[in-house]
1. Give me the angle, in degrees from 0 to 90, between the Cα long axis of helix B:151-164 and the longest principal axis of the Cα atoms of chain B, rounded to the nearest 10.
2. Roughly how far apart, in whole Å, are the Cα centres of the stretch A:20-96 and the stretch B:69-121?
3. Just tell me which lysines come within less than 26 Å, Cα to Cα, of B:K232; anything on the same chain fewer than 8 places away is out.
4. Stretched out fully, how many nm does the piece from B:D192 to B:A238 gain, at 0.36 nm a residue minus the Cα gap?
5. Amide H of B:I33: which non-local residues (sequence gap of 5 or more, or other chain) have their own amide H closer than 5 Å, using H built in the peptide plane?
6. What order do you get for B:D22, B:D95 when you list them from fewest to most C-beta neighbours inside 10 Å?
7. For the stretch B:219-233, take each phi angle, set θ = phi - 60°, evaluate the Karplus expression 6.51 cos²θ - 1.76 cosθ + 1.60, and give the result in whole Hz per residue in order, putting x for glycine and proline.
8. Taking the beta-carbon count within 10 Å as an exposure proxy, list B:H151, A:H61 from fewest neighbours to most.
Amino acid sequence: MIAERWINGTVIAGILAVLAYAILADEPFTITLLTRVTILALAAVGLNIALGIGGLVSLGHAAFFGLGGYAMGILASHAQTFTPLDLGLFTLPGTKSMPVIWLVAVIISALAAWIIGLLSLRTTGVYFIMITLAFGQMFFYFSISWSAYGGEDGLSIYVRNGFPGVNTLVPAQFFAVCFVALCLALVLFHRLQASPFGLALNAARQVPERVETVGLNPMRLKLVAFIISGAITGLAGALFADLNRFVSPTMFSWQLSGELIVLIIIGGVGRLMGPVIGACLFVALEHWLGGLTDFWHIWLGVILLVIVLFARGGLIGLLTGKEGAHV
Amino acid sequence: MSEPVLATHGLCKRFGALSATDNVSIDLQPGEIHAVIGPNGAGKSTLIAQICGGLRPDAGRVELLGRDVSQLNTKARAQQGLGRTFQISALAMEDTVLENAILGAIGAAGRPWRFWRPVLKDTDLRERAMAALERVDLTEHAGKRTADLSHGQRRQLEVAVALTLSPKVFVMDEPMAGLGAEGSKQMTSFLDGLRREAPILLVEHDMDAVFALADRITVLVYGRVIATGSVKDIRQSAAVKEAYLGESA
């Protein structure tokens, strides 16, 4: 069987090889697809902290993805119309600067995750899934009715936001920005999983009663994981909005939450590169099968079914011969 | 008698019409093993849950080291020095033996909020965990997945996790459950030595172990204490014989 670190290296090398090909062959659309892979993977890496390590099956992560997206959309739309953002007590200028937008996206999603987590983590199992879904839907319907920012039609941003020292209008350069963000998130995931916090969180997923009897609070561990998770997914949302230069309520849709879970299950729950492999496969299927038939989700469903039935550890589990993320 | 390390005063817990704990007052003195026995359904598990914080009593209170801890949750009581083992092993089965012990060490240090440094490279936590594993003879299995341990080894690990906390009191829910004759004997001699570190409230079905270890025995029937006394008292008590040990004893 193949060692997991070889698989991880191959995936990263594969993405960079496709990038090199796309640059040499001058195929900007391929770079855009790769950027899409990278951003979806980033969002799923965020979810993987809650789902993979903490066992929190959140069907509401689109809320954070959408909040990140709308953070970008709102700030950039005020900047492009030169109208300040009126917050009642004070006004803020809009901005076209990615670092500022990211900071806002991360803070807002972390705050939302804190509140949602505080309320949802009282429940477990199916109830947790349902309550996170409900929160996601609340944001979805709110965004539809929020006509100030496009309502159902969404918001278009005419020029991609800027990053110091990078020409984000060049697809390869914007990809590089997203790819670095993904790599940083992967490093964070890796360190987190091996840290004292990761060990305690992992135990809180398996035996919460044990974690309590050693004097730790399993719910607080899960809440912190949920906040970090939401913040990363929020950052991905801001990047996704910048990729499309468009924000709409679909970023809040529960299908997106489901897709993030599917990405992780396909790649391998709790595995470092699980979300990345899942995102590669997902976007590849969406692109190729989507070109052949509108019903390509059926084939995604078949793959998911096969994996759930025969390869519980996802593709990484299948290749390494180890079903669990651990040991 | 000196100040008890652990005591309950008039604990009561009802589930509908069933009185699972009926005015139970027991105490645990320094250096002793106090066994709680009783037939199935006598309310032993309910009593443990109230002592450890998983269940709130309807009336009465629990005192740990002279402090009323009735309002504290499980986590806070553990921090006050209550070390508990479970009847059915509550261990992270996917993790290694060492990682389970390290969880205890993280709890003892009270610092799970470290997100960056690999836990296995933390020598303090590691040493504390390894020391506990060594005491229950699991050193050579430290790298094994907990799910791959034998039943007896899991019982040992269960005790090791409690040891990492250096508790002031042990509350052990059937540590001998499912152990063979040999395993029971080993565990018995281990617990015998452990009482010098911290007293043990021992709920146990294995009568050989109870009679060998206990300084005092409390007999619980239908949630009520029907007798408390030395091994000799309990063996001779007519009420206990009738209610619990049966004709043959």
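Laboratory data are not the source of any read-out in this text; all were calculated from the coordinates shown. Given the structure is predicted, the values throughout are model-derived calculations rather than measurements. Using ideal geometry, Cβ is built from the backbone for each residue, glycine included, and neighbour counts are taken over all protein chains shown.
1. 80 degrees
2. Each part's Cα centre sits 37 Å from the other's.
3. B:K44, B:K185, B:K241
4. Computed gain between B:D192 and B:A238 is 13.8 nm.
5. B:I200, B:D215, B:R216
6. Fewest-to-most ranking of B:D22, B:D95: B:D22, B:D95.
7. Couplings: 9, 10, 9, 6, x, 10, 6, 9, 6, 9, x, 6, 4, 5, 4 Hz.
8. Values: B:H151 12, A:H61 36.
The fewest-first ordering by Cβ neighbours comes to B:H151, A:H61.
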